[in-house]
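Beneath this line is the structure, given in C-alpha cells, with notes to follow.
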Amino acid sequence: MNIAVIGGDGTGPEVAAEGVKVLKAVAKLEGFDKDLKLTDLDWGGDRYLKTGEALPADAIDQLRKFDCILLGAVGHPDVKPGILERKLLLDLRFGLDQYINLRPVKLFPGVETPLKDKKPEDIDFIVVRENTEDLYCGAGGFMHKGTPNEVATQTAIYTRKGCERAIRYAFELCKKRNNPKGKKLTLVAKTNVLTTGHDLWWRTFQEVGAEYPEIEKDYNHVDACCMWIVKNPEFYDVIVTTNMFGDIITDLSGIIQGGMGVAAGGNINPDKGGVSMFEPMGGSAPKYTGTGKINPIAAINAVSMLLDQQGHPKAAKRVMDAIMKVTATKMKSQNAGKMGYTTSEVGDLVVEAL
Ligand code: IPM
Ligand code: MG
C-alpha cells in the first residue's frame, strides 16, 4: 500500500500523525507492515503563502501513482476562506474523480450525543453523498457586479452518469452492509421543488432500485430528513443524496455521533485504479496547533475506512474495535482539550488497545 499523507494546515498534521501511528501498528500486527509505504506531501496553506500555490501543477498526476491518500485538514488563518478548500479539497476530489463521499455515522460507546435517550444502537447509519456535481461544479457567474443591478447565478449540474454511479454504489453498499435490522436505502432530495434535477435523481433511483428487490427503498425530502435524523436516527440504514444536501446533512449527522473529533469521511473513487482520499471531518483548528488538545479519533477512524477500502477489512475492524474500547473505557470527552489525554496519548491508547 503506497499512501500519500497530506497533513495540511493547523492541527491537521498532528491528527494525521496519530492516524499513521495506528496504521503502522495494525499493519505490523496483521503482517503487512513491509508492504506499507508512506510519503508526506507538504501541500496546504503554508506552501500557498510561500509559493502562491497550495499544490504543485502536476498534483493530480503525482497522486495517481499512490494507492490512496490520508488527509489531515485544510484551512489556514492567513489565507482567505474558500481558496484552500477549492484548491486542495475540491480540486483533488474532482481531479481524481472521487465521486463518492462516504460518511459513516456511528455513535461509539462512551461518546456523548446531544440527542436525548439515544444509544449507540440507535445511531448507526451511513451517508453516500455524490461528490463531483451539483452546486459544487463552480458553474455560474456575475453580471453588473458590485452595482445595484447585480445578478449572480450558481448552477446545480446533475448528470445521469453522476447520479447513477452514486445510487448504484449506495445500493451495493447497503447490500454488503447487510443490516440485521433490515436493508434500507433512503434517497434524500427535494423533488417537490427541484423538479428537473431531482426528478432525474428520482427516476434513476427507481430504475436502479428495481435491480435490488431485497432492499427496502425510502424517500425523504431533505428538510424532513433533518427532522428525522434528530428525532429518529434509528430509521436510517444507508442514505444516498446529492452533493449540496449531503454536505449539510453530514454535519448534522456528525454532531449526533459526537462531533468533529470523531467523524471521518472518505472521498472514494471505487473504479479500478481509482485513488481515494480519507479525512477526519474536523477543520484545521489553527489556534490549537501544537497544544495537543485536538482529538485524533476522527483521523484514526479515517484510517479504519482507508484499510477497509484498500482490501484489509480485518485490520479495519481491528482499528474500529480498538477505537471503541478507548472511547468506552478511557476518554472523558471527545471535545478538544477535554479528552483527559493529549492528542498523542489518545493515539497511544488506541495502539495499546490494538
Ligand atoms: C466537507 C466540507 C467541504 C465540503 C468544504 C471544506 C469545502 O464541508 O467535506 O463536507 O463542502 O464538501
Ligand atoms: Mg461539509
**Fill in**
With the first residue restricted to region 84-106 and required to be within 11 Å of ligand 1 (Cβ to nearest atom), and the second required to be of a type in the set (Lys, Arg), Cβ contacts under 6 Å at 6 or more apart or on different chains are ASN101/ARG129
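For VAL238, indicate whether it is closer than 18 Å to LYS24 by Cβ, β-branched (Val, Ile, Thr) and away from ligand 2 (no atom under 16 Å from the Cβ).
For VAL238, the condition - closer than 18 Å to LYS24 by Cβ, β-branched (Val, Ile, Thr) and away from ligand 2 (no atom under 16 Å from the Cβ) - is not met.
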**Message:** Out of ALA4, ALA54, I need the residue that is modelled with pLDDT under 95, surrounded by 15 or more Cβ atoms within 10 Å (Cβ to Cβ) and outside any helix (DSSP H, G or I). Which one?
**Reply:** ALA54
**Asked** Among the residues of region 210-221, is there at least one that is among the acidic types (Asp, Glu), within 16 Å of ligand 1 (Cβ to nearest atom) and not assigned by TED's automatic domain parsing to the domain that holds LYS330?
**Response** no
**Message:** So GLY261 ticks every box in (1) assigned to a loop (DSSP other than H, G, I, E, B); (2) within 16 Å of ligand 1 (Cβ to nearest atom); (3) surrounded by fewer than 21 Cβ atoms within 10 Å (Cβ to Cβ); (4) not aliphatic (A, V, I, L, M) but one. Which box is left unticked?
**Reply:** (3)
**region 265-290, residues that are in a loop (DSSP other than H, G, I, E, B), within 16 Å of ligand 2 (Cβ to nearest atom) and either of a type in the set (Lys, Arg) or in contact with a helix residue (DSSP H, G or I) (Cβ under 6 Å, 6 or more places away or on another chain) (or both)** = MET281, GLY282, SER284
**Request:** Give region 291-302 a look and list any residue that's more than 14 Å from ligand 2 (Cβ to nearest atom), in contact with a strand residue (DSSP E or B) (Cβ under 9 Å, 6 or more places away or on another chain) and either assigned to a helix (DSSP H, G or I) or on the phi > 0 side of the Ramachandran plot (or both), or say none.
**Result:** ILE297, ALA299, ILE300, ASN301, ALA302
**Request:** Evaluate region 201-223: report whether one residue or more is part of a helix (DSSP H, G or I), modelled with pLDDT of 95 or more, within 15 Å of ligand 2 (Cβ to nearest atom) and not aliphatic (A, V, I, L, M).
**Result:** no
**Request:** Provide a single number: the residues in region 72-103 that are within 15 Å of ligand 2 (Cβ to nearest atom), within 20 Å of ASP40 (Cα to Cα) and either surrounded by fewer than 15 Cβ atoms within 10 Å (Cβ to Cβ) or modelled with pLDDT under 90 (or both).
**Result:** 2
**Prompt:** If you scan region 224-258, which residues turn out to be part of a helix (DSSP H, G or I), closer than 22 Å to GLN206 by Cα and not hydrophobic (A, V, I, L, M, F, W, C)?
**Reply:** ASN243, GLY246
**Item:** Positions within region 32-89 being within 25 Å of LYS272 (Cβ to Cβ), over 23 Å from the mean Cα position of the chain (by Cα) and aromatic (Phe, Trp, Tyr), in sequence order
**Value:** PHE32
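The values are calculated or read from the model by the stated rules, or taken from the named source; none is laboratory data. Please read these numbers as outputs of a predicted model, since none were measured by experiment. Don't worry about glycine lacking a Cβ; one is built from the backbone with ideal geometry, like all the others, and counts go over all protein chains shown.
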